[in-house]
Each structure stands twice: as C-alpha cells, then as structure tokens.
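K.L.:
My questions all concern the structure below.
The values are calculated or read from the model by the stated rules, or taken from the named source; none is laboratory data. Bear in mind that the values here come from a model prediction, so they are computed numbers and not experimental data. With ideal geometry, Cβ positions are generated from the backbone for all residues, glycine too; neighbour counts draw on all protein chains shown. The accessibility values were calculated without ligands, DNA or RNA, using every heavy atom of the protein model including side chains. Shrake-Rupley method; radii C 1.70, N 1.55, O 1.52, S 1.80 Å.
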Amino acid sequence: MRYRLRRRGGQQGKRLAALATVTAAIVSGMMVSGSGPAVAHAVVEPSVRSATASLRSDLEKYLDAQGTKDHFSAVSLRVTYANQRPDISVDAGTSRYGGGRPVNSKALWQIGSNTKAFTSVLLLQLEAEGKLSIRDKLGKWLPQYPAWRDVTIKQLLSMTSGIPSYTEQNAFLKDFDANPSTRFTLERLMSYVEGLPLGPAKYEYSNTNYLLAQMIVERASHDTYHERLAERLIEPLGMNDTCLPPDCPPDTASRMPTPYSTHSVLPKHLNKSLPRLRLSWAQGAGGLVSSLRDMTAWDRALYSGRLLPSAQRELESLVSTKTSKPIKSVTADDPMGFGLGVAKFVHPVAGTVWAYEGATYGNRVLHMYFPKTGMIIAIAVNSAVGEGDTLPDLAGTVYKSLSAQKAQALPRHQ
C-alpha cells in the first residue's frame, strides 16, 4: 500500500518509487524555423486512434516482458488532459493469470496508498471548518495512545511522526499470510505497534500514521470514515466506481482482475491469488477500490485545488525524503519530497512531477500529474512486487510514445 519515495532496500515497502525514467511534461507548442524567420505554430494534436494503437503496443510488450516475472495478467492505462482533448484508455491482458476474459477500461483496482490523499483532504477540510488544526497533538484527539501524545496531525500526514508501521511487523505479516480474508479491526491493527518505541521525528514511511488520521477524522466529524469519504469526496466528484470495502456495490469484485502476491514476506501466498475485497487491513491508509477513470478525475480535482480552500493547500507542503527537512520545492540535488499524502519528484530532464504509486499485496496503481500541461497518466497492474518494480519504467515508455505522436502531428514549416 506504499510505498515510499525512498532508496530501494531494507524491509518490504521501504523502496523508492523509481520514477526517474519519466521525462518532461509534454510541451504545449514549439518554434519551427526554416528559410524565413521563426514562426510559432499551433500544435496539431495526435489522433486518438494513432495514439491508442501505439500505447496498446507498449502495454502488450510490457505484459510480454514482465507478466510472467511479476505474475500479473492485466495492465490498464488512462491518459487525460486539462483541455478538451479526448481521454485515452488502453488495456492489455486478461482478468486472471493464465486466462479469463479480456481486461477493459471498466476494470476496478485496489489503489493502495493513493487512498492517503483522500484521508489528508478530509482532515484539511475539517480544519477549514474550524473543527481541528493539523497542528493539534494526538493527546487531544486520541488520548488512548499516551506514548504518542506529542505527535501532531501534520507529522502523521507528512510521515515524520516516528510511529512504527504496522505493515512491517512480523506478527501482522504472519497473521495476514495465514488468512488474507481476516477481518481486521482498527484496534487489532494498532495492537501490532502499541508498545513499540517511538522513533525520531524524521521522514519514515509508516502506514500506522494514516490509521491514526482515519481515527481523528471519525472523532472530529462524529461520523464514520466511510460516510465522510462518500459525502465529502466520492459523491460530489461523481466517482461512481470508487468504494471502501466492505461497503461496495454487489458487482465490484466481478469487475476486478484477480490480485496476485509476489511478496516474499507472504511465503504461503507467493504467486498466488488474494481476495479482491478483503482490504480491512488497509482502511484509511490504502483500502479504496477504484477505476482509472475515477482515479484520474480525483487526481485532477486534487491538484487543481478544487477540493480545498487556499489556506489548506498545505497539502502540497513538502519534506525532503533525503534530509527530512521542510523544502519549498524539489531540486536535482534533493529530488524527492513528501507532502500530506501526496509526493513530488524532479527528473533531471523533466522537471517536477506529482506522482504516487500505491499498492496492496496484490495490485499496483501509479499516477503521474504533469503540472506544466495538466496531463495525467495512470497505470494499473494486478500484482505487487517486493523489489525491482518496473511500473515507473512503463510510465516513461508511455510518455515517450505520447511525445512521438505529438511530434509527428506538428506541421512543418516550408
């Protein structure tokens, strides 16, 4: 449910979302020179049909190259734009490993830690209404955890609390591997880390932070996390394909490609299927199910500022994943920054991009937002890998194909 923007290595979940293969946002226009003076030409957009064919080839090649190695059968892509250009949806593969019906754009996915931005926005909306401050300490809202009483809500959201992650505890992994269908309560999940020492207040990815954030949403709103999600975010944005299990429509599971685990931390389920809707272990840290159509609609609303007043755009305040210090922006020397449930990185060629790869133990969903153009790329596959994730590489290939299509569509100066 991920996964952090860090260097690879160490325990499961402590790896960098290796996005360095993604290049710059697509340029909106260019100067073309010839025998006369330079002339600014409007870009002729590539045809959807041509782009779709190229991207389908990219997905099929990726499935052929990685599907067996990473034990997945399906890969889906959606590209959307800020202007009136048509969205592009492309899919490859089948709903289960070794066969099944073809996957299509109506497929639903476990979106993992993309859920975290939803949780952050809920808390920031409550702050805007005067119901809390993200500088409040846990002692005010969750006094049942006295060892963490001085941790602030902002530290939870920015991953600087020092609270250990329950998903990295051997006891949790053993219990989940024994029965992935276990209905975990918040209390049980918290029991895996209660009593563990508080670490230093530096950047350290911990899913426990977002369980605590979920609990504060419920305490401050006097309502369930599920109801707040639905009434404040999912319904207003028309996200009809998004739900928090077990409160999902009856046909949800049938629209989901089978999730597969390739995690060595789950030895009994290595390369085996996992339940589609048994996500009580993730909840506000990574429990949502969604379509790529809904995901890109959410991302556009999130990054365009539609969801929060200007005072709450602190969502995008960053801490360096390298130094744990606040930074105004990312740089080539300090290229990774974590906000409040969102993340930003800089590519040596591309500049800055908002991106997050969320994962469960059986799905990966990556989104990238290009702030210069408003383009969004979202990709999903139905397996999770412990190390060597190549999904960001595929995003780079997709970008290059879109760039090539655009270049071919440019008029030439005579």
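K.L.:
Kindly indicate whether Thr152 is within 26 Å of Ser133 (Cα to Cα) and over 23 Å from the mean Cα position of the chain (by Cα). Reasoning before the result, please.
P.N.:
Details: within 26 Å of Ser133 (Cα to Cα): yes; over 23 Å from the mean Cα position of the chain (by Cα): yes.
Yes, satisfied.
K.L.:
In addition: Filter segment 68-93 down to the residues that are crowded, with 19+ Cβ neighbours inside 10 Å and within 22 Å of Thr360 (Cα to Cα) and list them by number.
P.N.:
Within segment 68-93, Asp70, His71, Phe72, Ser73, Ala74, Val75, Ser76, Leu77, Arg78, Asp91, Ala92, Gly93 qualify.
K.L.:
Does Asp64 meet the test of being among the charged types (D, E, K, R), in a helix (DSSP H, G or I), within 15 Å of Val381 (Cβ to Cβ) and open to solvent by less than 30 Å² (accessible area, probe 1.4 Å)?
P.N.:
no
K.L.:
Would you confirm whether any residue within segment 165-184 is over 30 Å from Pro267 (Cβ atoms) and part of a helix (DSSP H, G or I)?
P.N.:
Checked against the condition, which is being over 30 Å from Pro267 (Cβ atoms) and part of a helix (DSSP H, G or I), segment 165-184 yields no hits at all.
K.L.:
Please note which strands (runs of 3 or more DSSP E) are completely contained in segment 242-349 and include at least 1 residues that are at pLDDT 95 or above, closer than 22 Å to Asp70 by Cα and among the hydroxyl-bearing types (Ser, Thr, Tyr). It would help to see each step written out before you state the result.
P.N.:
Numbers: elements: 260-262, 318-320, 336-338, 343-347.
Hits in segment 242-349: 260-262.
K.L.:
Now for a different question. Just the residues that are surrounded by fewer than 17 Cβ atoms within 10 Å (Cβ to Cβ), closer than 24 Å to Glu235 by Cβ and of a type in the set (A, V, I, L, M), please, taken from segment 119-175.
P.N.:
Ala128
K.L.:
What residue, among those in segment 333-391 that are closer than 17 Å to Tyr205 by Cβ and more than 16 Å from the chain's Cα centre (by Cα), is surrounded by the most Cβ atoms within 10 Å (Cβ to Cβ)?
P.N.:
Per the criteria, the residue is Pro335.
K.L.:
Shifting gears a bit: If you check Ala213 against the conditions, is it surrounded by 23 or more Cβ atoms within 10 Å (Cβ to Cβ) and touching a residue at least 60 places away in the same chain (Cβ under 8 Å)?
P.N.:
yes
K.L.:
Assuming Pro236 fulfils every condition listed in (1) under 20 Å from Ser165 (Cβ atoms); (2) open to solvent by 40 Å² or more (accessible area, probe 1.4 Å) apart from one, which condition is it?
P.N.:
Of (1) under 20 Å from Ser165 (Cβ atoms); (2) open to solvent by 40 Å² or more (accessible area, probe 1.4 Å), only one is false for Pro236: (1).
K.L.:
Among the residues of segment 140-164, which ones are without any contact (Cβ under 8 Å) to a residue 40 or more places away in the chain and touching an Asp or Glu at 6+ places or on another chain (Cβ under 7 Å)?
P.N.:
Listed by number, the list holds a single entry, Thr152.
K.L.:
Anything in segment 94-115 that is of a type outside the set (Gly, Ala, Ser), open to solvent by 10 Å² or more (accessible area, probe 1.4 Å), part of a loop (DSSP other than H, G, I, E, B) and touching a Lys or Arg at 6+ places or on another chain (Cβ under 8 Å)? List them, or say none.
P.N.:
Of everything in segment 94-115, just one residue is of a type outside the set (Gly, Ala, Ser), open to solvent by 10 Å² or more (accessible area, probe 1.4 Å), part of a loop (DSSP other than H, G, I, E, B) and touching a Lys or Arg at 6+ places or on another chain (Cβ under 8 Å), namely Lys106.
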